[in-house]
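The values are calculated or read from the model by the stated rules, or taken from the named source; none is laboratory data. Because the structure is predicted, anything quoted here is derived from the model rather than measured. Cβ placement follows ideal geometry from the backbone for every residue including glycine, while neighbour counts extend to all protein chains displayed. Quick note on the areas: whole protein, heavy atoms, side chains included, nothing else; ligands and nucleic acids left out. Shrake-Rupley method; radii C 1.70, N 1.55, O 1.52, S 1.80 Å.
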Amino acid sequence: MRKTSLSAALLLSSVSASHFDRREYIPVDQVQPSYDFVIAGGGLAGLVIAARLTEDANTTVLVIEAGEAGDDVRSRIDIPSEAYFNGLLYTKYDWQYITEPQVQLGNRNIPWPRGKGIGGSTAVNGMYMVRPSALEVDTWSHMQNGQPGATAWSWDSLFKAMKKVLSFFSAPDPWQRARQFGLTSF
């Protein structure tokens with residue numbers, strides 16, 4: 001078990017409309033004795049939960065994270081090509097886990113990158129996410145044998161939540177741009 005100390009804390013509140021203005025890094029010695037919610041881990045899941053909780057302006061949330069904020073390497077996180085070609089694997093932003101020997105791989109140990117910092121593994125993998133299949137998710141629901149809340153684990157429920165955080169902007173009509181310059185044919 002690797003020991004670590006708390007090096008970053010993030011206070012989220014609902015006082016501003018801009019999500020970038022809503023985060024405030026606070027030194028550990030300024031953490032208040034009480035918050036409505038404390039979330040251990042500033043990875044993608046922890047930050048999503050914190051963002052949802054702070055939709056209520058009267059709710060305070062403290063996110064604690066063992067890693068750093070990542071502001072000094074922000075372009076290597078925010079720009080996917082930077083993350084792919086100049087990423088943060090094998091740096092202080094990666095827990096640098098190694099698997100146990102894998103029999104199917106000739107008893108080799110394999111690196112298992114996990115992000116250490118605000119954003120978690122999403123901060124080190126180019127913001128790449130793979131959706132599970134509907135079959136996998138519906139299996140979680142069916143495994144609950146009709147217990148209360150089982151439908152919340154269904155694909156339909158999860159897909160609705162996933163769509164809530166997505167935005168799609170269609171590409172502009174290329175002819176519209178061409179007409180701005182007086183071009184009517186090519």
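Among residues of the range 96-110 that are farther than 19 Å from Val124 by Cβ, those with a Cβ under 6 angstrom from a residue that is surrounded by 10 or more Cβ atoms within 10 Å (Cβ to Cβ) and hydroxyl-bearing (Ser, Thr, Tyr), sequence gap 6+ or separate chain, pair up as Asn109/Thr99. Among the numbered conditions (1) free of Cβ contacts under 8 Å to residues at least 12 places away in the same chain; (2) open to solvent by 50 Å² or more (accessible area, probe 1.4 Å), the only one that Trp140 does not meet is (1).
Could you grab me the full set of residues in the range 123-138 that are farther than 24 Å from Glu65 by Cβ and hydroxyl-bearing (Ser, Thr, Tyr)? Once the filter is applied, which keeps residues that are farther than 24 Å from Glu65 by Cβ and hydroxyl-bearing (Ser, Thr, Tyr), the range 123-138 yields only Ser133.
Here is the figure for the range 76-117: residues that are open to solvent by 20 Å² or more (accessible area, probe 1.4 Å), in contact with a Gly (Cβ under 6 Å, 6 or more places away or on another chain) and assigned to a loop (DSSP other than H, G, I, E, B) total 1.
Looking at the range 31-45 only, could you name the residues that are at pLDDT below 90 and either acidic (Asp, Glu) or under 21 Å from Asn58 (Cβ atoms) (or both)? Across the range 31-45, the qualifying residues are Val31, Gln32, Pro33.
Of the residues that make up the range 38-49, is at least one within 12 Å of Gly117 (Cα to Cα) and either free of Cβ contacts under 8 Å to residues at least 12 places away in the same chain or polar (S, T, N, Q) (or both)? No, there is no match, as no residue in the range 38-49 is within 12 Å of Gly117 (Cα to Cα) and either free of Cβ contacts under 8 Å to residues at least 12 places away in the same chain or polar (S, T, N, Q) (or both). The residue list Thr122, Thr151 contains one member that is exposed (fewer than 14 other Cβ atoms within 10 Å of the Cβ), among the hydroxyl-bearing types (Ser, Thr, Tyr) and on the phi < 0 side of the Ramachandran plot, which is Thr151.
Residues are listed down the side, and each one gets a yes or a no for (1) of a type in the set (Val, Ile, Thr); (2) within 21 Å of Glu82 (Cα to Cα); (3) at pLDDT below 90:
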| residue | (1), (2), (3) |
| --- | --- |
| Val103 | yes, no, no |
| Arg108 | no, no, no |
| Asn125 | no, yes, yes |
| Glu136 | no, no, no |
| Gln144 | no, no, yes |
